[in-house]
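Have a look at the structure below, then the notes.
The values are calculated or read from the model by the stated rules, or taken from the named source; none is laboratory data. The model shown is predicted, which means the values in this text are computed figures rather than measured ones. Don't worry about glycine lacking a Cβ; one is built from the backbone with ideal geometry, like all the others, and counts go over all protein chains shown.
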Amino acid sequence: MDVKFKKKEVKREMKRFGTVISGVVIILFLAVSIGISADVPETVKIDIIQKAKPPVVLPHKAHIDNKIACKSCHHTNKADEKPAKCESCHDKEKDDGKKIAIIGNPATSAAKGIFHITCIACHKEEKAKNAASKAPTMCTACHKG
């Protein structure tokens, strides 16, 4: 009889411990999420390589809300680092005159082209998966003047 009582008591304590641990995990998750989202800009203006078209105003928060992984664009950042600005690596002064292009678009400097390749390719992929997607694929949809 005494052993039965102890087993019930142990089970109750284990259940209580599990509930406490779950609560702590949820609180930590929320704290991290709030901390990360507090630093997320609503929009990001990409204007470092402009010549002919207006700069792109990237709806940054909308990309996050659509569950697009930060690593998709901030591909060199480690998980615990604050993402660097694109131009810290993709700089027209650093591209040494290299030209790159995505099919159907003119060749551009490597600094400009990397945005086109990354953004347009992703948007076209989204459209292929879901024709109703709002991912823009035409120049003027991003380069609004």
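A few comments on the model shown:
- Selection from the range 76-127 of residues that are surrounded by fewer than 11 Cβ atoms within 10 Å (Cβ to Cβ) and either at pLDDT 80 or above or assigned to a loop (DSSP other than H, G, I, E, B) (or both): Thr76, Lys78, Ala79, Asp80, Glu81, Lys82, Glu93, Asp96, Gly97, Ile103, Gly104, Pro106
- Close pairs from the range 66-78: first of a type in the set (S, T, N, Q), partner exposed (fewer than 13 other Cβ atoms within 10 Å of the Cβ), Cβ under 8 Å, at least 6 apart: Thr76/Ala84; Thr76/Cys89; Asn77/Lys71; Asn77/Ala84
- When we screen Val10, Val25, Val20, Val32 for residues that are assigned to a helix (DSSP H, G or I), modelled with pLDDT under 65 and either touching a Phe, Trp or Tyr at 6+ places or on another chain (Cβ under 7 Å) or not hydroxyl-bearing (Ser, Thr, Tyr) (or both), the only hit is Val32.
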